[in-house]
Amino acid sequence: RAAAAALVPWLLALLPMQACGLGSAYLPAYYLGVNGAALLGAAVVAVSSPAAAAALQLCGALLPTVHAAELCRQLIAVLLPITARSGAVLPTDPLVAVVYAVTAVCTSSVLVAPLPRRVAARSAGGLGLVAVCCVCFALGSRASPFTDATPKRLVVQHIYRELEGAPHSSGLWVSAFDFSGLRELRETPAAAALLPAVAARTPYACDLDPLTPAPPPAAGRLLFDPPVRPTGCYLSLPFYFPLGGVLGTPDGQGAVFATTVAGRSVKPPPIPQRKRVRIERTGAAPGPEPGSRTLSLRVSGPSHMGVAAPETRLLAWSFAAAEAPRPPVPRRSPFAPDERLHFAFLTCGSGGGAEPCLWDLTLVVNGSAPLPLAVTGHYPDIADTPELEALSEALPTELRADWHWFSSMVQRVELPVGGAETVAYS
């Protein structure tokens, strides 16, 4: 009966997974089929050799246990770096603790025989241990989690921005990848004096992202919602990945965009002229749908670049001249459900080379109005500017990890979709 109880769910799960072409259809074989076969073999030899039957049952449980342990190991290896950098939304220590607890229980309980009923009478001792763990967690959370061995991770970018090919502004974009935000910087006198925007919690309005009026209020409501920015801050700041919903906008709490350092205006980083972000519209033609246009672009810049465009305007795109444009997949972040933006990241090496990287983009857009577009370039090899060095020296070692300190550039344009002439921004 035990073998049948394990084999029947295996078949019931395997058949639909196989029919759907799921590559994980082998999992029922690991977790049900192997264990069921071991139980069937144990039932055959149990009469003549109980020890052999127990060994077969152990082997049947061992394979799925080892597999589960490896899956949990890989999960933790991926989860820990991600959660450590997404704590601007919520504290991640409880989440990691739950993952570890589930991992330990799942990989050990398979090999543990059912406990006798009398253990249930000792539940008071178990509740006492849980209470002790809660007290230890509360006390530990009051201490600073940052040390020289585990420093605070800050993303510090020295930014230079151009609007329509002309200089616009420069500054330091400082983001914290943990739930405490910039609190430690505000409590460090040297850093607070160096960056008044951190001490004053100065917000930044994402001035290069277009404002869209909110829809009229629903029935029964008298107040109008404020205007929104469907593109978030992606057209104003050089995001490395589409993590605006996790990092949040520079609201002064978890991130700031500081245009002054120690009372002086931030100068642009020393970006080589050949590797500055350049956008060239090399052609424009009627698109495949009525009222649409197909734009051919050539983008040049450093080895790491990002392209951001409003979702409401972009119908299709491609990143190679010989590639047909395809509709992009809509992004829906649980942390920013109102974002309506398409984002692509382009790389062609590790950076540091003298020659710029080139990409040929094809965009199919709707409407005749200019297309709001931002192309960002990241320069990992330019991390020793005077502004970055000054901030680094003002921070103690536990607040300064050698992680993401680099320079970036934003080329923000309103790209015309009409006409057929070449248009360049650099």
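Yes or no, residue by residue, for (1) open to solvent by 60 Å² or more (accessible area, probe 1.4 Å); (2) modelled with pLDDT under 90; (3) on the phi > 0 side of the Ramachandran plot; (4) hydrophobic (A, V, I, L, M, F, W, C):
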| position | (1), (2), (3), (4) |
| --- | --- |
| Ser170 | no, no, no, no |
| Val174 | no, no, no, yes |
| Ser180 | no, yes, no, no |
| Arg183 | yes, yes, no, no |
| Glu187 | yes, yes, no, no |
| Leu194 | no, no, no, yes |
| Ala197 | no, no, no, yes |
| Ala200 | yes, no, no, yes |
| Pro210 | no, yes, no, no |
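If only residues of segment 280-301 that are open to solvent by 50 Å² or more (accessible area, probe 1.4 Å) and among the basic types (Lys, Arg) are counted, the one that is nearest to the chain's Cα centre (by Cα) is Arg298. What residue, among those in segment 302-335 that are more than 25 Å from the chain's Cα centre (by Cα) and within 20 Å of Asn366 (Cβ to Cβ), is surrounded by the fewest Cβ atoms within 10 Å (Cβ to Cβ)? Filtering first and then ranking leaves Ala324.
Count of segment 219-252 residues, restricted to those that are open to solvent by 70 Å² or more (accessible area, probe 1.4 Å), touching a Leu at 6+ places or on another chain (Cβ under 7 Å) and at pLDDT 80 or above, is 1.
Before we move on, is Ser144 assigned to a loop (DSSP other than H, G, I, E, B) and at pLDDT below 75? The answer is yes for Ser144.
The C-beta contact set for segment 331-350 (first residue under 16 Å from Thr231 (Cβ atoms), second residue among the β-branched types (Val, Ile, Thr) and open to solvent by less than 30 Å² (accessible area, probe 1.4 Å), distance under 6 angstrom, 6+ apart or interchain) comprises Phe335/Val246; Leu341/Thr231; Ala344/Val307.
Whenever a residue of segment 253-264 is open to solvent by less than 60 Å² (accessible area, probe 1.4 Å), its partners that are of a type outside the set (A, V, I, L, M) and part of a strand (DSSP E or B), lying with C-beta atoms within less than 6 angstrom and at least six residues away or across chains, give the pairs Ala255/Ser175; Phe257/Gly171; Phe257/Trp173; Ala258/Gly171. The residues of segment 175-204 that are more than 12 Å from Ala255 (Cα to Cα) and without any contact (Cβ under 8 Å) to a residue 12 or more places away in the chain, listed by number, are Glu187, Pro189, Ala192. Name every residue in segment 386-426 that is hydroxyl-bearing (Ser, Thr, Tyr) and either open to solvent by 50 Å² or more (accessible area, probe 1.4 Å) or closer than 30 Å to Pro151 by Cβ (or both), in order of residue number. Ser392, Thr397, Ser407, Ser408, Thr422, Ser426, listed by residue number.
Return the residue satisfying two criteria in turn: it lies in segment 332-380 and is polar (S, T, N, Q) and in a loop (DSSP other than H, G, I, E, B), and of such residues it is modelled with the highest pLDDT.
Looking at the filtered set, the residue picked out is Ser368.
Listed by first and then second residue, the pairs with beta-carbon distance under 8 Å, at least 6 apart or on different chains, first residue in segment 161-174 and closer than 22 Å to Ala197 by Cα, second surrounded by fewer than 17 Cβ atoms within 10 Å (Cβ to Cβ) and among the basic types (Lys, Arg), are Ser170/Lys267.
The values are calculated or read from the model by the stated rules, or taken from the named source; none is laboratory data. It should be emphasised that the depicted structure is a prediction, and the values quoted were computed from it without experimental measurement. Cβ: placed from backbone, ideal geometry, glycine included. Neighbour counts: every protein chain shown. Ligands, DNA and RNA are stripped out before the accessible areas are found, and what is left, the full protein with its side chains, is counted by its heavy atoms. Shrake-Rupley method; radii C 1.70, N 1.55, O 1.52, S 1.80 Å.
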